[in-house]
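The values are calculated or read from the model by the stated rules, or taken from the named source; none is laboratory data. Every value quoted in this text rests on a predicted model; they were computed, and no experiment measured them. All Cβ positions, glycine included, derive from the backbone under ideal geometry; neighbour counts span all protein chains shown.
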Amino acid sequence: MTLNATIAEVTERIETRSADMRGTYLDRMRRAADEGPRRAHLTCGNQAHAYAAMGEDKDALATGRAPNIGIVSAYNDMLSAHQPFERYPDIIRAAARAQGGTAQVAGGVPAMCDGVTQGQVGMELSLFSRDVIALAAGVALSHNVFDSALYLGVCDKIVPGLVIGAATFGYIPGIFLPAGPMPSGLPNDEKAKVRQQFAAGEVGRDRLMEAEMASYHSPGTCTFYGTANSNQMLMEFMGLHLPGASFVNPGTPLREALTVAGTERALEITNLGNDYRPVCDILDAKAFVNGIVGLMATGGSTNLVMHLPAMARAAGIALELEDFDDISSVTPLMAKVYPNGLADVNHFHAAGGLQYMMGELLSAGLLHEDVKTVAGDGLSLYTREPQIRDGRVVYTDGPKETQNDRILRPATDPFQATGGLKQLYGNLGHGMMKTSAVAPERHVIEAPARVFHDQAAVKTAFKAGEFTSDTVIVVRFQGPRSNGMPELHGLTPTLAVLQDRGLKVALVTDGRMSGASGKVPSAIHVCPEAADGGPLARVRDGDIVRVDAVAGTIECLAPDFDKREPVTADLSGNGHGVGREIFEVFRANVGLASKGAGVVV
């Protein structure tokens, strides 16, 4: 199938825009690769330190002739998605040893859970944790003893941070190994209903706790389609997973076999063999375009609109938000997974999942097939489905038909003709909206504004019964410079209650919503942020604000709006407590949300 003209045009635009930066990056990677295996440049003393604890693998490491894998792990057992990684190093070491190679845990990276910190002060460190993870991955790989790397991470900031680290060490081949989603528990729509009932005072905390525990109930990724599962989709679309690896449940024979297969493949693609596949060759403009197509076709997380530019910049590629908008305009929304549907990712996977979707998008000319991946050349490899035979992974042809067209539909008959994210521009700045879960009749909201400086004040006003008419709720001073740009997902039940009461409501903020942003129209990531004197700092209570996801605009209609002086806020309380003190350098140096809100790239 001929490549779609818009996809081709956007790719060419990215390549042209990035030519100098990408050229410099690749030149550095080539020079590093030309130096040969890393261990060849270490002294005997250097190496003795690196191998001292390696027991039966010492001799293989000391000779330097067998490939050595560095494991960068985000394991902790507070994140259900990361708890399965506890056993991965043992599996990987044994699999490497069986193939004549070795593997070492190079280092750990922090991994915080946005579900735990949601609505809490700790959430103000969440976005910045991505850059800390990238830095920690750099420290792990700086020992210079690895021929390839395996990256163990799943959740919100962890995968983007690991990709930034992997791109920085792009001369080293790398494969991402996921843990998979937990089995389905309490349906997500039932959980959301209980949350709304609690917000409205209709049920007590005991009922809320019961529902939450029935939803988040075992090891594995949360089953809704938020940032964590969007990350897994992205790694597959960009060729950094093995085909079909994303949504296999933890603790199953196939999950373990895929971990073994990933280890074996990591040994095969080093600079010591004949199929050298460094990360720098995989992370090119085409891979990022494929990733954006996947984001739009699945109705994925809004957080990735920030993470992808930061990830791309680490690989010498400049993404702009116009690239997302143009790709969205030609990419069909093919999936309905909670919050933009009732199904969870297990249902999506059973309906045909990524293998069916990628086959459809390739046939429609919406993906670049001619890419390098960790599995081999060509994205069509990712239409195959992994199975186990005699304890090993084998691949068969993936599904050619959807198994449930209420969850997954063909590219020729999608749920909607365009992707699930929309860029918004106007005199309030630049923002974005996840439209895939928002009913079409709510894509345009025009109403008086109520202005708040934190989400707690919104909840207080709600409990006081102050929202009795159509309202655009403006929550400002929530950007990365203000307080680290925490997710405001805790507002979702409150706003959903107002909407269910028949009011027209919208949220406008320079903060973030969850990757599981739901049915309330929300203009998020608005920048320049209020703390930089951005337009949101000029909005007043009662101003008529129009949020229009059809026209792609976000406007304050007050006649004197442009002449007003921006207000300021006392942000001194954001600088201390729960570790915020040590992140002042991040808040002071962070980039615009539209550029990825990066500190290290």
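With the condition being closer than 30 Å to PRO309 by Cα, of a type in the set (Asp, Glu) and in contact with a helix residue (DSSP H, G or I) (Cβ under 8 Å, 6 or more places away or on another chain), I'd like the helices (runs of 4 or more DSSP H) fully within region 1-67 carrying at least 2 qualifying residues. Let's see the steps before the verdict.
Details: elements: 5-17, 19-34, 44-51, 58-63.
Filter on region 1-67 gives 5-17.
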Might you let me know whether region 234-242 holds any residue that is modelled with pLDDT under 95, farther than 27 Å from THR102 by Cα, of a type in the set (A, V, I, L, M) and assigned to a helix (DSSP H, G or I)? no
Exception for SER301 within (1) hydroxyl-bearing (Ser, Thr, Tyr); (2) outside any loop (DSSP other than H, G, I, E, B); (3) closer than 26 Å to GLY359 by Cβ falls at (2)
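Taking only region 538-586 into account, find how many residues are aliphatic (A, V, I, L, M), touching a Ser or Thr at 6+ places or on another chain (Cβ under 7 Å) and farther than 29 Å from GLN416 by Cβ. Spell out how you get there, then give the answer.
So in region 538-586, the residues aliphatic (A, V, I, L, M) come out as 539, 544-545, 547, 549-551, 554, 557-558, 567, 569, 571, 578, 582, 585.
After this cut, where a residue has to be touching a Ser or Thr at 6+ places or on another chain (Cβ under 7 Å) as well, the list is 549, 571.
Right, trim to farther than 29 Å from GLN416 by Cβ and you get 571.
The number of residues fulfilling the criteria is 1.
For (1) touching a Gly at 6+ places or on another chain (Cβ under 7 Å); (2) in contact (Cβ under 8 Å) with a residue 40 or more places away in the chain, each residue gets a yes or a no:
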{"site": "GLY353", "(1), (2)": "no, yes"}
{"site": "THR373", "(1), (2)": "yes, yes"}
{"site": "ASP377", "(1), (2)": "no, no"}
{"site": "ARG384", "(1), (2)": "yes, yes"}
{"site": "GLN387", "(1), (2)": "no, yes"}
{"site": "VAL393", "(1), (2)": "no, yes"}
{"site": "GLY398", "(1), (2)": "yes, yes"}
{"site": "GLN403", "(1), (2)": "yes, yes"}
{"site": "ILE407", "(1), (2)": "yes, yes"}
Considering only region 471-493, state which residues are surrounded by fewer than 24 Cβ atoms within 10 Å (Cβ to Cβ) and closer than 28 Å to LYS336 by Cβ. HIS489, GLY490, PRO493
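Is it the case that some residue within region 38-61 is closer than 30 Å to SER380 by Cβ and of a type in the set (D, E, K, R)?
Of the residues in region 38-61, the ones closer than 30 Å to SER380 by Cβ are none.
The answer is no; no qualifying residue exists.
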Counting only helices (runs of 4 or more DSSP H) wholly inside region 103-221, the ones holding at least 3 residues that are closer than 30 Å to CYS44 by Cα, out of contact with any Pro (no Cβ under 7 Å at 6 or more places or on another chain) and modelled with pLDDT of 95 or more are 126-141, 158-168
Out of the residues in region 282-329 meeting the condition of being among the β-branched types (Val, Ile, Thr) and under 18 Å from THR16 (Cβ atoms), tell me which one is surrounded by the fewest Cβ atoms within 10 Å (Cβ to Cβ). ILE317
Residue list for region 34-89, restricted to those being of a type in the set (Gly, Ala, Ser) and over 23 Å from GLY170 (Cα atoms): GLY45, ALA48, ALA52, ALA53, GLY55, ALA60, ALA62, SER80, ALA81
Return the pairs, sorted by first residue and then second, in which the second residue is charged (D, E, K, R), the first residue lies in region 54-71 and is exposed (fewer than 15 other Cβ atoms within 10 Å of the Cβ), the beta carbons are less than 9 Å apart, and the residues are 6+ apart or on different chains. GLU56/ARG97
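Please go through region 253-284 and pick out each residue that is part of a loop (DSSP other than H, G, I, E, B) and either free of Cβ contacts under 8 Å to residues at least 60 places away in the same chain or within 28 Å of ASN303 (Cα to Cα) (or both). Steps first, please.
Pass one, region 253-284, residues part of a loop (DSSP other than H, G, I, E, B): 269-278, 283-284.
Residues satisfying the conditions are ASN274, ASP275, PRO278, LEU283, ASP284.
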Does region 245-274 hold any residues that are surrounded by fewer than 24 Cβ atoms within 10 Å (Cβ to Cβ) and under 18 Å from SER380 (Cβ atoms), and which are they? ARG265
Looking at (1) in contact with a Phe, Trp or Tyr (Cβ under 7 Å, 6 or more places away or on another chain); (2) within 30 Å of ALA214 (Cα to Cα), which is the one condition that is false for ALA106? (2)
Hey, among PRO480, PRO486, which residue is out of contact with any strand residue (DSSP E or B) (no Cβ under 8 Å at 6 or more places or on another chain), touching a residue at least 60 places away in the same chain (Cβ under 8 Å) and closer than 18 Å to GLY591 by Cα? PRO480
